[in-house]
C-alpha cells in the first residue's frame, strides 16, 4: 500500500525541540523528493521545507529562520523534520508529502498528519 | 504574506459551474505554469486535484478543470455536487526553489 505515516507529534514547551518522522511504504522512496507542510488550527496550508530525491538540496520557508532541518534516511524509507526553538505559533498539524517527481513541487501523496502543540 | 491570492469564499448551487481564482502577486513565483490545486475537506488530508495548470491526476473527476490567463490561474468545477464542498488551495513553486500556497478558498454548495 502506497502511504506516508507521520509520527512524533505531541505537546512541547516553548523553546524546546521536537523531531517528526514520516515513514513511507509502497513506492521507491529514494526516487522522490519529499516535503513538509503544516496547517495551524483553522488556518490554511503553509509549506515548510523540501528535500530533493537524492538529498542534495534542501529548501525552507523564510519564516522558519533556520530553526527547522529536513533530512531523510533512504535505508529506512523515512523522512524527518527536526524542529528547534519551538514557538507557540508553530502549533499545527504537520503533513509530510511526496513530490510527484524528483523536484516537481507537485504533492501527489500526503500523510495523515501529526499534531504539534507548543504550549507552556 | 502569501504570493498567491485567492478569494476567501465562493458558492454555487448543485449543477452550476464555479471558478476559483489564484492571482500571482509576487515576481518570485516561478514561471506560474506550475500551478497546482488541492482540495481539503474539513478534518481531512489535502488531495491533489490539478497540476501544471490543467492536468488531472488519475481518479480526479473531469468536472475539475484549470486555466491560466496572465498572472491569474483558475480552477473551474462544473456540475457542482454537494461533495465538492471543501477548501481549495492553489500552489506554485518559486524562483527560490520553495513552494507557496494561496490562502485558500472555502467552497459552499448551496
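Readers should treat all values here as calculations from the given coordinates under stated rules, not as data from a laboratory. All values reported here derive from a predicted model rather than from experimental measurement. Don't worry about glycine lacking a Cβ; one is built from the backbone with ideal geometry, like all the others, and counts go over all protein chains shown.
Things worth noting here:
- Antiparallel bridges, percent of DSSP beta bridges restricted to chain A (to nearest 5): 95
- For region B:61-110, pairs of C-alpha atoms spaced more than 18 angstrom apart make up 41 percent of the total.
- Relative packing of peptides A:88-100, A:13-25 - highest average C-beta neighbours within 10 Å first: A:88-100, A:13-25
- Normalised contact order of chain A, rounded percent, pairs of Cα under 8 Å and 6 or more residues apart: 36
- Cα centroid separation, region A:66-107 to region B:35-110 (Å): 22
- Region A:1-67, relative contact order in percent, only Cα pairs under 8 angstrom and at least six apart counted: 22
- Choice from A:44, A:66, A:33 with maximal GNM fluctuation in chain A (Cα, 10 Å cutoff): A:44
- Normalising by residue count, chain A has a Cα convex hull of 93 Å³ per residue.
- Cβ neighbours within 10 Å from other chains - mean over B:35-45: 3
- Here the Kirkwood formula, the inverse mean of 1/r across different C-alpha pairs, assigns the protein assembly as shown a hydrodynamic radius of 17.9 Å.
- For region B:3-92, the relative contact order comes to 36 percent (Cα pairs under 8 Å, sequence separation of at least 6).
- Taking a ≥ b ≥ c as the square roots of the eigenvalues of the Cα gyration tensor, chain B is prolate, since a/c reaches 1.5 or more and a/b is larger than b/c.
- Across peptide B:96-109, the average count of Cβ atoms from other chains found within 10 Å of a residue's Cβ is 4.
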